[in-house]
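Asker: I'd like to ask you about the structure that follows.
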Amino acid sequence: MAFDAQTKGTEVGMSVKKHSTSILLGAVVGLFSGGFWGLIFGGFVGFLISRALKGAVAAINPQAAFFKATFTVMGKVAKADGRVTENEIQFARDVMAQMRLDEARRRQAMEFFTEGKDPGFDVSKVVKSLSVMLRHRPAVKLMFIEIQLQAAMADGEVSEPELKVIDEMCRLLDFGADTVEEVIARVKAQRDFYQHGQAGVDSAVLLKDAYAVLGVDEAASDAEVKKAYRRQMSQHHPDKLVSKGLPEEMIEIAKEKSQEIQAAYERIKTARKT
């Protein structure tokens, strides 16, 4: 890959800005203890310490790790087929808006997204540590996968290169192939249920979407439908997810998913009463 001076310069500038406080403190200490060269050396040491500390915090904090992994992997998925579309960028912005990030956190999210777009970015770098922390938190891992699938579908369908990234991510998170196929089908159904509802399509189509959202067949008994609904709600309950490691900023995303599940269940119940 050819060296891009402008891109590299932008990356360096963003990194310096992110660690600017530590660089400044290190430079001041270095200036008083070693003059000009002490200033340079102190600033560099401050940068290294800041970067190491932030990495350590992410390594022991599941919410910080989830936040970073969400946007870096999202960037990787968006770039997987060679070009990041406006729809994929807009999806990332929509997620940030749902999270109600302040300007500093929004910049951080965009930095992670840009990091993920780099051709040399290794998904395992962030997903492996996340997998260890979420080993006994399957609902949070499921939420992570669903967000990445939504990102992949932002430009229509999941392409083969995007699916390859998602398959690798799921393998790192210890999700089986059957589970992945099931989640893909459900996320597609949630998208269709929402879009068809907004477009005012035929009620029969919406009902079919509703069954797919719950992951059950139209021939399922009332008890089976209710069981599927309760399982889905348990997996997507916002308070439960946050208590298990989902960043609090993502509670609105979890609420939206639980509302879609609720709406699908209500449509099925209404149809079965008529």
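The values are calculated or read from the model by the stated rules, or taken from the named source; none is laboratory data. Everything quoted here is computed from the prediction, not taken from an experiment. Glycine gets a Cβ as well: all are built from the backbone with ideal geometry, and neighbour counts include every protein chain shown.
Asker: What number of residues within segment 226-251 satisfy the criterion of being more than 16 Å from ARG135 (Cα to Cα) and either loosely packed, with under 15 Cβ neighbours inside 10 Å or in contact with a strand residue (DSSP E or B) (Cβ under 8 Å, 6 or more places away or on another chain) (or both)?
Answerer: Going through segment 226-251, the residues more than 16 Å from ARG135 (Cα to Cα) turn out to be 226-234, 236-239, 247-251.
Narrowing the set further to residues that are either loosely packed, with under 15 Cβ neighbours inside 10 Å or in contact with a strand residue (DSSP E or B) (Cβ under 8 Å, 6 or more places away or on another chain) (or both) leaves 227, 230-231, 234, 239, 248.
Result for segment 226-251: 6.
Asker: Turning to a different aspect of this structure: Answer with yes or no whether GLU111 is surrounded by 20 or more Cβ atoms within 10 Å (Cβ to Cβ), in contact (Cβ under 8 Å) with a residue 40 or more places away in the chain and among the acidic types (Asp, Glu). Don't jump to the end; show me each part of the working.
Answerer: Numbers: surrounded by 20 or more Cβ atoms within 10 Å (Cβ to Cβ): no; in contact (Cβ under 8 Å) with a residue 40 or more places away in the chain: yes; among the acidic types (Asp, Glu): yes.
In short, no.
Asker: Between a first residue in segment 237-259 that is in contact (Cβ under 8 Å) with a residue 40 or more places away in the chain and under 18 Å from ASP102 (Cβ atoms) and a second residue that is among the polar types (S, T, N, Q) and in a helix (DSSP H, G or I), which pairs have beta carbons less than 6 Å apart while being 6 or more apart in sequence or on different chains?
Answerer: PRO247/GLN63; GLU252/GLN98; ILE253/GLN98
Asker: Here is a further query. Return a yes/no flag: does segment 205-219 have any residue that is out of contact with any helix residue (DSSP H, G or I) (no Cβ under 7 Å at 6 or more places or on another chain), free of Cβ contacts under 8 Å to residues at least 12 places away in the same chain and among the β-branched types (Val, Ile, Thr).
Answerer: No - not one qualifying residue is present in segment 205-219.
Asker: Turning to a different aspect of this structure: Given the criteria surrounded by fewer than 17 Cβ atoms within 10 Å (Cβ to Cβ) and not basic (Lys, Arg), does GLY176 qualify? Talk me through it step by step, then tell me what you get.
Answerer: Working: surrounded by fewer than 17 Cβ atoms within 10 Å (Cβ to Cβ): yes; not basic (Lys, Arg): yes.
Yes.
Asker: Would you mind finding the one in VAL140, VAL73, VAL123 that is in contact (Cβ under 8 Å) with a residue 24 or more places away in the chain, buried (at least 18 other Cβ atoms within 10 Å of the Cβ) and over 24 Å from SER258 (Cβ atoms)?
Answerer: On the way: VAL140 fails: over 24 Å from SER258 (Cβ atoms); VAL73 fails: over 24 Å from SER258 (Cβ atoms).
Step by step, each of VAL140, VAL73, VAL123 is checked, and only VAL123 is in contact (Cβ under 8 Å) with a residue 24 or more places away in the chain, buried (at least 18 other Cβ atoms within 10 Å of the Cβ) and over 24 Å from SER258 (Cβ atoms).
Asker: May I pose another question? Give segment 246-260 a look and list any residue that's out of contact with any Leu (no Cβ under 7 Å at 6 or more places or on another chain) and of a type in the set (A, V, I, L, M, F, W, C), or say none.
Answerer: Step one: filter segment 246-260 for residues out of contact with any Leu (no Cβ under 7 Å at 6 or more places or on another chain), giving 246-248, 250-253, 255-260.
Passing the criteria: LEU246, MET250, ILE251, ILE253.
Asker: For segment 136-190, which positions are part of a helix (DSSP H, G or I), at pLDDT 85 or above, more than 15 Å from the chain's Cα centre (by Cα) and among the polar types (S, T, N, Q)?
Answerer: GLN190, the sole residue that qualifies.
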